[in-house]
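Before any comments, here is the structure.
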Ligand code: ADP
């Protein structure tokens, strides 16, 4: 047994490396910069912890969250490995004590927040000690193209300037190719070895459904068919987290809410209750996320549309970290997309607005698509995989009765055409349903031949038809999500091609409509 294997077994207690771990460890030991993209649960920590035990100096780990650092430091100390953190949550005395230990080369690991690198004094201390290498955890935070840009991470572009001879090992669970390139250039990595795991979690069964009313019945049905399992339910608002947790308790489930509005003490309590299994289901806003090292989370439910596929992939990735079969379930509605859009319009500065809207669009397209869910996620991250065939609702639903909606599709396309391909889905539906909306009247669209021609169908049915046309690329979304008809769309418009839609898609649209009345 070589030394690496010995440490893997004796110290970390694992018999074998998981995919990529050994290659990453070797590259670090060979003094190369590395950028590793491994899914949540892939075992990133071991990749950067193991090499340190074969080196003389200290490894500096830069991590965005105090809770995450605390967990890691504790886990290392439990293994009898000397690790400390320097952060705003420690007292000044504690931090300077740690600095002294660093200078005396008494630590194997020090965890720090990225903002420390704005302090010249801190940088000067690091320059005096023997650093094995820097680790940048959650490295996607460095990129504006990612889903979680953090301004403090921008400072890290100076690492190579201050420490030109020290290698950097960057890790993240989610990065498109563009984000990957951006991370490497923002950190000034030199000839970095890139490792990218396949974007597929083959122990996750994915199901996505339009939400009917507030979705509570759907959640209960899901829980009934996945009895006795523990999991996380993500909600859009804190209020909804509270009410859903209460609802579950009243239905006999052990459940608690978790969100940023709770006191630190309550949050700790919920966190511990979940980890120690006094509570089976935590209903949370996204605040309950990074840093959960609980490997037997068996399901993750989203009660509304997540912001981006990156967020979604990271959140569902928290299920089944132990490799056992786990279940993820997403409920969405067109209205969620509208709410999210408003959020983006309000919150994000201009340069990221467009990216935010495009990412949201991709998230919504994922929901309404008929294609393999695993494949859509993979292709979003620019990875090619085969259809899962057995692990998602779209692959396993079998033959569904098809409804011929060609005539409705013609009406829809005609409305797009007659309004000069300058409007989005909602406006087109307003025309078809004969709305008196001000914008529509201003454009004189009540004079169009198609005005009111689709009043016999509900709004949601029209949305389902529009979604289908976009999914099969009969219409494309242009800038500002304006609908543009392409060649296939023209054929449908002329009656040369049919449009068929799954009966259940229309059926659910009707049910959604009824529940809103
Ligand atoms: P990540 O940071 O990539 O989400 P972690 O480093 O937290 O993942 O590892 C996830 C889980 O997998 C942990 O419980 C860890 O102990 C376990 N693990 C890591 N490497 C191995 C391995 N080679 N064999 C078995 N379990 C492993």
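Set side by side, the residues 324, 319 differ, and just one is buried (at least 22 other Cβ atoms within 10 Å of the Cβ), farther than 19 Å from residue 368 by Cβ and touching a residue at least 24 places away in the same chain (Cβ under 8 Å), which is 319. The set of residues from the range 247-278 being in a loop (DSSP other than H, G, I, E, B) and touching a residue at least 40 places away in the same chain (Cβ under 8 Å) comprises just one member, 277. Only one of the listed residues (413, 453) is in contact (Cβ under 8 Å) with a residue 24 or more places away in the chain, touching a helix residue (DSSP H, G or I) at 6+ places or on another chain (Cβ under 7 Å) and in a loop (DSSP other than H, G, I, E, B). That residue is 453. Here is a check on your reading of the model: is residue 110 outside any loop (DSSP other than H, G, I, E, B), surrounded by 15 or more Cβ atoms within 10 Å (Cβ to Cβ) and within 16 Å of the ligand (Cβ to nearest atom)? Judged against the criteria, residue 110 is not a match.
If you go through the range 191-203 and keep only what is in a strand (DSSP E or B) and modelled with pLDDT of 95 or more, you end up with 193, 194, 195. Can you name the residue in the range 53-66 that is in contact with a strand residue (DSSP E or B) (Cβ under 7 Å, 6 or more places away or on another chain) and within 14 Å of the ligand (Cβ to nearest atom) and is also nearest to residue 172 (Cα to Cα) among such residues? Filtering the range 53-66 for residues that are in contact with a strand residue (DSSP E or B) (Cβ under 7 Å, 6 or more places away or on another chain) and within 14 Å of the ligand (Cβ to nearest atom), the one nearest to residue 172 (Cα to Cα) comes out as 63. Residues in the range 468-487 that are assigned to a helix (DSSP H, G or I) and touching a strand residue (DSSP E or B) at 6+ places or on another chain (Cβ under 9 Å): 468, 469, 470. Scanning the range 85-107 for residues that are without any contact (Cβ under 8 Å) to a residue 12 or more places away in the chain, in a loop (DSSP other than H, G, I, E, B) and closer than 15 Å to residue 70 by Cα yields 90, 91.
Name the one entry in 35, 54, 46 that is in contact with a helix residue (DSSP H, G or I) (Cβ under 7 Å, 6 or more places away or on another chain), over 25 Å from residue 150 (Cα atoms) and modelled with pLDDT of 95 or more. Before you say what the answer is, go through the steps one by one.
Values: 35 fails: over 25 Å from residue 150 (Cα atoms); 46 fails: over 25 Å from residue 150 (Cα atoms).
Just one listed residue meets the conditions, 54.
Among the residues of the range 113-138, write down those that are buried (at least 19 other Cβ atoms within 10 Å of the Cβ) and in a helix (DSSP H, G or I). 114, 116, 117, 126, listed by residue number.
Return a yes/no flag: does the range 56-69 have any residue that is free of Cβ contacts under 8 Å to residues at least 60 places away in the same chain and either more than 20 Å from residue 167 (Cβ to Cβ) or surrounded by fewer than 18 Cβ atoms within 10 Å (Cβ to Cβ) (or both).
Going through the range 56-69, the residues free of Cβ contacts under 8 Å to residues at least 60 places away in the same chain turn out to be 66, 69.
If we keep only those that are either more than 20 Å from residue 167 (Cβ to Cβ) or surrounded by fewer than 18 Cβ atoms within 10 Å (Cβ to Cβ) (or both) as well, we get 66, 69.
Yes: the range 56-69 contains one or more residues that are free of Cβ contacts under 8 Å to residues at least 60 places away in the same chain and either more than 20 Å from residue 167 (Cβ to Cβ) or surrounded by fewer than 18 Cβ atoms within 10 Å (Cβ to Cβ) (or both).
Exposed (fewer than 14 other Cβ atoms within 10 Å of the Cβ) and in contact (Cβ under 8 Å) with a residue 60 or more places away in the chain, is that true of residue 404? Spelling it out, residue 404 is indeed exposed (fewer than 14 other Cβ atoms within 10 Å of the Cβ) and in contact (Cβ under 8 Å) with a residue 60 or more places away in the chain. Being at pLDDT below 95 and within 16 Å of the ligand (Cβ to nearest atom) is not true of residue 169.
Can you name every residue in the range 377-393 that is in a helix (DSSP H, G or I) and buried (at least 19 other Cβ atoms within 10 Å of the Cβ)? Residues satisfying the conditions are 377, 378, 380. Screening residue 293 against (1) at pLDDT below 95; (2) part of a helix (DSSP H, G or I) leaves a single unmet condition, (2). Which condition breaks for residue 424 when tested against (1) more than 23 Å from residue 490 (Cβ to Cβ); (2) more than 18 Å from the chain's Cα centre (by Cα); (3) surrounded by fewer than 16 Cβ atoms within 10 Å (Cβ to Cβ)? It is condition (1) that residue 424 fails. Number of residues in the range 325-367 that are more than 20 Å from residue 214 (Cβ to Cβ) and assigned to a helix (DSSP H, G or I): the value is 21. If you go through the range 6-45 and keep only what is away from the ligand (no atom under 11 Å from the Cβ), out of contact with any strand residue (DSSP E or B) (no Cβ under 8 Å at 6 or more places or on another chain) and either touching a residue at least 40 places away in the same chain (Cβ under 8 Å) or in a helix (DSSP H, G or I) (or both), you end up with 6, 7, 10, 11, 26, 29. Among the residues of the range 141-190, those identified as closer than 13 Å to residue 114 by Cβ and part of a helix (DSSP H, G or I) are 141, 142, 151, 152, 153, 154, 155, 156, 157, 158, 159, 186.
The values are calculated or read from the model by the stated rules, or taken from the named source; none is laboratory data. Since we're looking at a predicted model, the values are computed, not measured. Cβ atoms come from the backbone with ideal geometry, glycine included; neighbour counts cover every protein chain shown.
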